[in-house]
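The values are calculated or read from the model by the stated rules, or taken from the named source; none is laboratory data. This one's a predicted model, so the numbers in the text were calculated from it and none came from an experiment. Cβ coordinates were reconstructed from backbone atoms using ideal geometry, including for glycine residues, and neighbour counts include every protein chain displayed. In case anyone asks, the SASA skips ligands and DNA or RNA and just uses the protein heavy atoms, side chains included. Shrake-Rupley method; radii C 1.70, N 1.55, O 1.52, S 1.80 Å.
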Protein chains: 2
Amino acid sequence: MADPIPCPFNESDIRRGIELIYFGYSHLTRMADQRLETQGLGRAHHRVLYFISRQPGLNVSELLRLLNVTKQSLSRVLGELTQRGLVELRTSAQDRRQRLLFLTPDGATLESALFGDLSSRLSAAYAEAGNESVPGFWAILTSLIAEEDRAMVQALDGG
Amino acid sequence: MADPIPCPFNESDIRRGIELIYFGYSHLTRMADQRLETQGLGRAHHRVLYFISRQPGLNVSELLRLLNVTKQSLSRVLGELTQRGLVELRTSAQDRRQRLLFLTPDGATLESALFGDLSSRLSAAYAEAGNESVPGFWAILTSLIAEEDRAMVQALDGG
DNA sequence: AAAAATAGGACAGTGATGTTGACGTATTAA
DNA sequence: TTAATACGTCAACATCACTGTCCTATTTTT
């Protein structure tokens with residue numbers, strides 16, 4: 001891959017990819033909206049719940065980096081979630097400056113339900129498109145992620 | 001497909017898909033942010049430019065439906081774009097109530113540059129993941145789109 | 001031991017983009 | 001002629017993100 005390879009794809013292939021990502025993301029994300037609204041929460045809250053569930057005990061900086069938002073932005077959402085008893089902050093034993101993030105049982109229950117909303121749609125898509133489509137799907141999306149963030153994303157799967 | 005098929009995917013496969021869509025979308029979308037900021041525009045403007053470019057002459061209702069936003073929301077963005085001389089509204093000859101949307105030459109130039117920002121990333125991802133990954137990628141994302149919207153999305157490719 | 005760096009938290013103001021409700025005009029369909 | 005439709009506007013509000021600033025406690029470096 002040292003040499004730039006002439007792009008074998010035409011504009012139409014690229015635009016199709018752009019559009020499908022836009023619509024695919026939009027449709028998937030919407031699956032949780034109803035439940036979130038019922039809970040008086042938004043998508044930002046969902047993302048926080050999701051990633052804490054994925055990596056229990058991650059610290060605030062790690063979550064900031066995962067979400068690619070500012071601490072003030074996260075602070076508002078996190079504050080609401082802890083106030084609501086869905087998230088718990090524990091001071092790290094290794095470094096007392098750090099706050100480690102955990103879901104409470106209520107938080108885990110909610111995240112699980114939200115996950116169910118998304119997963120019914122995504123697993124149906126996997127099934128409809130066929131097993132053999134999944135590795136390609138993963139590969140291209142992975143390749144869209146900037147190199148410096150790939151390890152972080154892949155570490156989600158390590159837990 | 002009449003019978004519900006036992007899901008062959010485990011939770012980990014599903015969560016991976018969710019995460020990759022989230023990060024993939026986020027990273028791709030960011031590619032245009034710098035240029036947008038330089039132009040004093042945002043992502044909502046970009047989406048409008050994109051879809052008008054894709055379907056010149058579409059009417060306001062069609063764009064509302066594509067973007068899945070309210071007319072008030074669109075109106076603000078569209079107003080800014082017409083004010084900026086990037087988009088042009090023409091009354092339809094067939095139905096004088098309708099406004100048909102076109103990019104101006106300046107609008108087309110900008111959209112083209114923005115497309116270049118996204119396409120360099122996406123075509124690199126196609127290349128990195130390999131040709132054989134692309135159909136699977138398309139298939140799964142297509143399957144994520146609700147049935148009632150698929151024709152609309154596929155019609156983008158018809159032009 | 002002291003200085004510097006770091007983690008997290010809070011305050012405050014602002015901006016982008018989305019929503020709801022309401023109202024109105026012109027045009028087309030019933 | 002009446003009803004429906006397309007679009008436009010006004011207004012207020014919500015979500016979620018940003019920047020700048022300041023502070024305390026803790027850890028690391030000098």
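It is to be established whether one or more residues within the range A:15-22 are within 15 Å of DNA strand C (Cβ to nearest atom) and within 25 Å of A:L78 (Cβ to Cβ). No, every residue in the range A:15-22 fails to be within 15 Å of DNA strand C (Cβ to nearest atom) and within 25 Å of A:L78 (Cβ to Cβ).
Please find, among A:G57, A:G79, the residue that is in contact with a strand residue (DSSP E or B) (Cβ under 7 Å, 6 or more places away or on another chain) and away from every other protein chain (no Cβ under 14 Å). Step through it out loud before you land on a result.
Numbers: A:G79 fails: in contact with a strand residue (DSSP E or B) (Cβ under 7 Å, 6 or more places away or on another chain).
After applying the criteria, what remains is A:G57.
Please indicate, with yes or no, whether at least one residue in the range B:11-26 is more than 23 Å from A:R65 (Cβ to Cβ), facing another protein chain (nearest Cβ under 10 Å), open to solvent by 40 Å² or more (accessible area, probe 1.4 Å) and not basic (K, R). Yes, because at least one residue in the range B:11-26 is more than 23 Å from A:R65 (Cβ to Cβ), facing another protein chain (nearest Cβ under 10 Å), open to solvent by 40 Å² or more (accessible area, probe 1.4 Å) and not basic (K, R).
Of the residues making up the range B:55-70, those that are open to solvent by 40 Å² or more (accessible area, probe 1.4 Å), within 15 Å of B:D149 (Cβ to Cβ) and outside any loop (DSSP other than H, G, I, E, B) are B:S61, B:E62, B:R65. Of the residues in the range A:140-154, not one is of a type in the set (S, T, N, Q), away from every other protein chain (no Cβ under 13 Å) and open to solvent by less than 50 Å² (accessible area, probe 1.4 Å).
Taking the range B:27-44 as the search range and keeping residues that are assigned to a helix (DSSP H, G or I) and open to solvent by less than 20 Å² (accessible area, probe 1.4 Å), which one is farthest from A:I140 (Cα to Cα)? Top of the filtered list is B:L36. For the range B:29-47, the set of residues classified as within 11 Å of DNA strand C (Cβ to nearest atom), among the charged types (D, E, K, R) and more than 23 Å from B:V60 (Cα to Cα) consists of B:D33, B:E37, listed by residue number. Among the numbered conditions (1) out of contact with any helix residue (DSSP H, G or I) (no Cβ under 7 Å at 6 or more places or on another chain); (2) in contact (Cβ under 8 Å) with a residue 60 or more places away in the chain, the only one that B:S73 does not meet is (2).
Could you check the range B:100-159 for helices (runs of 4 or more DSSP H) lying wholly inside it with 2 or more residues that are among the β-branched types (V, I, T)?
Numbers: elements: B:105-129, B:134-144, B:147-155.
Those helices (runs of 4 or more DSSP H) span B:134-144.
When residues in the range A:77-111 are screened for being open to solvent by less than 70 Å² (accessible area, probe 1.4 Å) and either touching a residue at least 24 places away in the same chain (Cβ under 8 Å) or away from DNA strand D (no atom under 14 Å from the Cβ) (or both), 18 of them pass.
Checked against (1) out of contact with any Asp or Glu (no Cβ under 8 Å at 6 or more places or on another chain); (2) open to solvent by less than 50 Å² (accessible area, probe 1.4 Å); (3) within 14 Å of chain A (Cβ to nearest Cβ); (4) within 14 Å of DNA strand C (Cβ to nearest atom), B:Y50 passes all but a single condition, namely (1).
Filter the range B:119-157 down to the residues that are under 17 Å from A:S133 (Cβ atoms) and of a type outside the set (A, V, I, L, M, F, W, C) and list them by number.
From the range B:119-157, those under 17 Å from A:S133 (Cβ atoms) are B:125-126, B:129-145, B:150; that's our starting set.
Residues satisfying the conditions are B:Y126, B:G130, B:N131, B:E132, B:S133, B:P135, B:G136, B:T142, B:S143, B:R150.
Do we have A:V69 as closer than 30 Å to B:A129 by Cβ, among the β-branched types (V, I, T), within 11 Å of DNA strand D (Cβ to nearest atom) and within 12 Å of another protein chain (Cβ to nearest Cβ) here? Reasoning before the result, please.
Numbers: closer than 30 Å to B:A129 by Cβ: yes; among the β-branched types (V, I, T): yes; within 11 Å of DNA strand D (Cβ to nearest atom): yes; within 12 Å of another protein chain (Cβ to nearest Cβ): yes.
Taking the combined requirement at face value, the residue satisfies it.
Just one residue in the set A:S61, A:S75, A:S26, A:S119 is more than 16 Å from DNA strand C (Cβ to nearest atom) and not acidic (D, E); that residue is A:S119.
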